Amino acid sequence: MPIYEYECDSCGGVFEVILQVGGAPSSCPICGGHECRKLIGAPAIHVKEDRATARIEKRVRDHLIDGKVSDAVSFADKAASMVKSDKVKRIADKLHHKSGKLGKRQ
Ligand SMILES: [Zn+2]
């Protein structure tokens with residue numbers, strides 16, 4: 001089965017999906033959004049990561065502005081596991097400090 005790379009328009013997360021030919025992912029595994037675009041090839045993974053990171057940061061901030069710290073933490077955790085970026089991991093770690101849940105990861 002082929003593996004396709006998708007980018008979510010909502011959170012900017014990039015993820016891989018194993019699909020039958022012609023299939024489509026039902027939702028983003030990071031934020032649950034349905035606006036996902038198939039990426040053709042992967043020539044600029046670092047650029048995509050940077051863009052994804054910026055959108056993840058914004059999303060986390062939005063959660064924090066709303067006072068939803070636990071939502072922000074779980075979103076950052078999911079994002080960190082999907083987007084292999086040190087920056088996203090640092091965001092997630094910072095949030096764990098903030099929410100006092102440090103040490104309860106995994
Ligand atoms: Zn998403």
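The values are calculated or read from the model by the stated rules, or taken from the named source; none is laboratory data. Nothing here was measured: the structure is a model prediction, and the numbers come from that model. Positions of Cβ are backbone-derived with ideal geometry, glycine not excepted, and every protein chain shown enters the neighbour counts.
Would you point out which residue out of Glu35, Glu16 is modelled with pLDDT under 85 and more than 18 Å from Asp93 (Cα to Cα)?
Values: Glu35 fails: modelled with pLDDT under 85.
None of the others qualify; the one that does is Glu16.
Residue by residue, here is whether (1) modelled with pLDDT under 85; (2) touching a helix residue (DSSP H, G or I) at 6+ places or on another chain (Cβ under 7 Å); (3) assigned to a strand (DSSP E or B); (4) hydrophobic (A, V, I, L, M, F, W, C) holds:
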position: Tyr4; (1), (2), (3), (4): yes, no, yes, no
position: Ser26; (1), (2), (3), (4): yes, no, no, no
position: Ile30; (1), (2), (3), (4): no, yes, no, yes
position: Ala42; (1), (2), (3), (4): yes, no, no, yes
position: Lys58; (1), (2), (3), (4): no, no, no, no
position: Asp62; (1), (2), (3), (4): no, no, no, no
position: Gly67; (1), (2), (3), (4): no, no, no, no
position: His97; (1), (2), (3), (4): no, no, no, no
position: Lys104; (1), (2), (3), (4): yes, no, no, no
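Of all residues in segment 6-18, which are within 13 Å of the ligand (Cβ to nearest atom) and either not in a loop (DSSP other than H, G, I, E, B) or not charged (D, E, K, R) (or both)?
If the condition is that a residue be within 13 Å of the ligand (Cβ to nearest atom) and either not in a loop (DSSP other than H, G, I, E, B) or not charged (D, E, K, R) (or both), then Tyr6, Glu7, Cys8, Ser10, Cys11, Gly12, Gly13, Val14, Phe15, Val17 are the ones that fit.
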